[in-house]
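Quick notes on the structure that follows.
Just so it is clear, none of the values below were taken in a lab; they were calculated from the coordinates. Bear in mind the structure is a predicted one, so any value in this text is a computation, not a measurement. Please note: Cβ atoms are built from the backbone with ideal geometry, for glycine as well, and neighbour counts cover all protein chains shown.
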Amino acid sequence: MAASRADRVGNAALRDVVILGSTGSVGTQALDVIDSHPGRFRVRALTASGAHLDLLADQIAAHDVGVVGLALDRASALVRALHSRHPGVPDPEILMGEDASTRVSGSFPQAVVLNAITGAVGLEPTLAALTVGSTLALANKESLVVGGALVHRAMVRPGQIVPVDSEHSAIAQALASGRHGRGLTCPDPTGHSEVADLVLTASGGPFRGRTRAELADVTVEEALAHPTWNMGPVVTINSSTLVNKGLELIEAHLLFDIAPEHIIPVVHPQSIVHSMVTWRDGATTAQASPPDMRLPIALGLSWPERLDHVEEPLRWDIEQTWTFEPVDEVTFPAIGLARSAVSASPTHPAVLNAANEVLVEAFLTGRLPWLGIVDTLREIIEDHEGIADPDLADVEGVEDWARVRARELAGLDVAPGGAPSGGVGR
């Protein structure tokens, strides 16, 4: 399955692309970007859970895909869908199993691998892509949050990760105006960084402006009513608690090597300025564009080049107002909790992420109040002792412990066997 070196098309290199999570939101938008820029990309492989086989069959046929990975054992069903919808299209090589994305990700060292998988299961595919030298367009924030130390060890060259989250893409673009113009790393070879602060913008979610007392009886319907973005339930709840912004702070620290205390969240309800860099001399560079994920996805695929006409630019011939305000960290303490977690040890962020997933489930099913998500998360974080130099087994162990502990505290059923041992709690 090894990829050939990039061909040349006109004045631009034809880039080989592998998309992990191709039937999800980021994956489908990435294929839309590729469709609208013919001759720029060649899709070598796709992976998916196997839950949307008709869509996956359409993607295989449209892009002449030779290799497919399926998490579920549904190869025969995929072939039937492909033959039914696209007679004559040759069958791809199909890999199956929980490690299918990891095997595919590590098989194309010359490709751009877009990791659009949701959740901590994206970590091992990230490590596989980095280890073989692929450029990693990273939309799976859990890879860094859960396994930041492992990700850093797996990198074989600087600038190997291109962030796809809109905030981190914005920071990378802003950093490109600095002394070295690389945009993907902050440290100066002289040890004297130009960067003073990274500024992470947040929409503020559905509860911006409310006090803690006013949030005591939040309903699931209220928490799912995001004012700007259409996202899945877990991400939308994370946006309402600002846990998502805490995870992005952790990700920014690990991507750009800026101290957590110099990563500043700010509420920007219009979601036009996606993040900023403040420099040592007092200047601030901002990246602004409409709230559309296709721009950071396109940059993830083509970095450091820009594609033509990815989205409509902002209008400067109409009146508009952008506002910024500080985050109320008393009402929304998740950002401070994330800052303390990433400062505590390499495994505290993994505990935060794993426990939060369980606590969001508990809220969505009526077992935990909305305020209880972050309150319980704090208790679990404080219980974790931390591991200074974790390997993959350590990370998986602390995640297991955090999930069991979260289920206990939230009153959910705990899997047989209870919390794993190994000194990950106290």
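Looking at (1) over 21 Å from V156 (Cα atoms); (2) crowded, with 19+ Cβ neighbours inside 10 Å, find the lone condition where A13 falls short.
(2)
Checking I387 against (1) within 23 Å of the chain's Cα centre (by Cα); (2) in contact (Cβ under 8 Å) with a residue 40 or more places away in the chain: exactly one of these is not met. Which one?
(1)
Given the range 43-140, what helices (runs of 4 or more DSSP H) lie entirely inside it while holding 1 or more residues that are farther than 22 Å from V26 by Cβ? Talk me through it step by step, then tell me what you get.
Working: elements: 53-63, 75-85, 100-105, 123-131.
Correct list: 75-85, 123-131.
Of the residues in the range 141-167, how many are closer than 19 Å to P349 by Cα and not in a helix (DSSP H, G or I)?
Adding up the residues that qualify gives 3.
Take the range 208-230 and flag every residue that is without any contact (Cβ under 8 Å) to a residue 40 or more places away in the chain and either in contact with a Ser or Thr (Cβ under 7 Å, 6 or more places away or on another chain) or surrounded by 14 or more Cβ atoms within 10 Å (Cβ to Cβ) (or both).
L224, H226
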